[in-house]
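**Student:** Below you will find the structure I want to go over with you.
The values are calculated or read from the model by the stated rules, or taken from the named source; none is laboratory data. The shown structure was predicted, so the numbers you read here are calculated from the model rather than taken from an experiment. Cβ coordinates were reconstructed from backbone atoms using ideal geometry, including for glycine residues, and neighbour counts include every protein chain displayed.
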Amino acid sequence: MLQTLVNILIWVGYIALFVYLARKGEGHDAMHTGRINFAVQALAYVATYISAVALVGFGGLSYAYGLQMLLVAAGNVWLGTWIVYRFLAWPTRLCQRNLNARTPSQLLAKGHRSPALGKFLALLFAVFLGVYASAVIKGAALLLAQILPLPVWVLIWLVALLVAFAVYVGGLRGVLYTEAMQGFIMLMGICMLVVAVFRQVGGPVAGMAALHTLPPTTLANQGFLALSAGQQGWFIISLVIVTSIAVWAQPQMIQRHFALTSARQVDRITPLAMLVLTVLVGGAYFVAALARLILPGNPAPDDVMPLLVKQLLPEVGLQIFVLAIASASLSTATAIYHIAVSAIAEDLPGRKASRPAWLAGIIFCVLLSGGCAQIKGQLIALLCTTSWSIVGATVLVAYVALVRFGKRSSLAAWLSCACGFATCLAWYLLSHEGFSAFVYSLASPEAVVSKVTPVLHVLLGETAARIPPFFVGFAFSLAGWFVGWACDATGRKHSHFWPAPSL
């Protein structure tokens, strides 16, 4: 009874603090943050970056692939954080302020002098991020279903409404404060698990020595302390690039830079964000790899972290860790909701969002994400798992060209975004068995296919088809930019290296 009361108090306290921090945005413009402390910004950036997929899903991959997954953590820290704050964050803020852009879509539309581009990106963000939010929300609901006596479908709507509350009441300022709280709770949960695992295996050095004695496996074919050879090692390297470079152009990450007040603030945010991210992803992946010394049998990847927590942490620690994973989902969902709602309420209409329009955008996002989370469908699953790469491949080149180099060209930006979007999406679809079966059925309706070979494998061969879609999308996006730039004499004439006087 006492333990149940403690658990209830933990969750009631969490929700109460969430509501209190969300209300810090009351009375502020939904797109403006006001002055935000550097620690809040650092924690909010990390919480937006790291979702439950990274902590639980990639943790399971660490169990299978070993310590080579720490390369992903290193990429997130150095490429996804240090590079971003060193070369992109403050230029983004300067560009946003000089252009008077309120959203990432407006930043690119005004920067490249193309309102139509802004509407295209707004539609892309609203649909793809709104659907992606369904996976995040469902993940949180499935986690909460382990400790709350409610059906999953009810929890999905409750989580969606909780996220919607933070976005509606607090706007961007409230979202940043709630994310900072969630980032801190994520840090607490991972630290508790790291200490428990180190105690179990005799410390990090002893744990690594024990891992070294384990025989290689198919996935860790050079042992659990080395990068695998062949396709397995290439998968890890591609994961580093996709999770650490595609993040540069995610609109929810771009928007975090809008809260910066000075270049000096960047210097304070960077080391703190890198430290927190190192502990979160580095700690999670390290202990998940060490779990091979603790967990019997060969559990499924998604079960590794939950089993580890249940076996090593006391009840209070278990509740805090569940809160940490729920926080990872909620922080990502609030960031995605804010982008999607602003795209619907402001970017698509082309005017500053009114309160009724903001509410209508939130209702749309709740219905879209909550509804998609309730159904099972291959297309929805495909969109959920590919939106990160598709959005990154679409936006990255045009974004970096603008904020880092001051290059402004409507034609180049359009070609870049269109080529990146089309090729990345096509690569995903053509490599998907469900879509390939649909294509085969159109070509030969009477044929009965027992085992479907993806169209991409047939066209290019198995080796070429394994190239990650983001790589393909980025390559075509870059080519599209250079073609458009070569053809746009007016754009070249009015572009200068950043900071561009015309801005």
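**Student:** Would you say Ile254 is β-branched (Val, Ile, Thr), assigned by TED's automatic domain parsing to the domain that holds Phe87 and under 17 Å from His338 (Cβ atoms)?
**Tutor:** yes
**Student:** Moving to a separate point now. Inspect the stretch 232-241 for any residue being farther than 28 Å from Ile83 by Cβ and crowded, with 16+ Cβ neighbours inside 10 Å and give the result as yes or no.
**Tutor:** Scanning the stretch 232-241 turns up no residue that is farther than 28 Å from Ile83 by Cβ and crowded, with 16+ Cβ neighbours inside 10 Å.
**Student:** Now for a separate question. Please find, among Val84, Val46, the residue that is out of contact with any Leu (no Cβ under 9 Å at 6 or more places or on another chain), farther than 30 Å from Gly223 by Cα, of a type outside the set (Ser, Thr, Tyr) and surrounded by 19 or more Cβ atoms within 10 Å (Cβ to Cβ).
**Tutor:** Result: Val84 is the single residue among Val84, Val46 that is out of contact with any Leu (no Cβ under 9 Å at 6 or more places or on another chain), farther than 30 Å from Gly223 by Cα, of a type outside the set (Ser, Thr, Tyr) and surrounded by 19 or more Cβ atoms within 10 Å (Cβ to Cβ).
**Student:** Right, Ala101: without any contact (Cβ under 8 Å) to a residue 60 or more places away in the chain and within 22 Å of Tyr45 (Cβ to Cβ) or not?
**Tutor:** Yes; evaluated as a whole, the condition is true for this residue.
**Student:** Where the second residue is among the basic types (Lys, Arg) and the first is within 14 Å of Ile294 (Cβ to Cβ) and lies in the stretch 192-216, which pairs have Cβ atoms under 7 Å and are six or more apart or on separate chains?
**Tutor:** Partner pairs satisfying both residue conditions: Leu211/Arg292; Leu214/Arg292.
**Student:** Also, I was wondering about something else. Could you please let me know if Leu383 is crowded, with 16+ Cβ neighbours inside 10 Å, closer than 30 Å to Leu430 by Cβ and modelled with pLDDT under 90?
**Tutor:** When the stated conditions are applied, Leu383 passes them.
**Student:** Can you tell me how many residues within the stretch 112-121 are under 15 Å from Leu396 (Cα atoms), in a helix (DSSP H, G or I) and touching a Gly at 6+ places or on another chain (Cβ under 9 Å)?
**Tutor:** 1
**Student:** Next question. Of all residues in the stretch 312-359, which are of a type in the set (Gly, Ala, Ser) and in contact with a Gly (Cβ under 6 Å, 6 or more places away or on another chain)?
**Tutor:** Within the stretch 312-359, Ala324, Ser329, Ala340, Ala345 meet the criteria.
**Student:** Take residues that are hydroxyl-bearing (Ser, Thr, Tyr) and tell me which of the helices (runs of 4 or more DSSP H) falling wholly in the stretch 204-287 contain 3 or more.
**Tutor:** Passing ranges, in order: 231-245.
**Student:** Right, another one. Answer yes or no as to whether Leu425 is assigned to a helix (DSSP H, G or I), at pLDDT below 90 and at negative phi.
**Tutor:** No: the conditions fail for Leu425.
**Student:** So which helices (runs of 4 or more DSSP H) stay within the stretch 433-503 end to end and still have 1 or more residues that are at pLDDT 85 or above?
**Tutor:** By residue number, 455-460, 469-487, 489-493.
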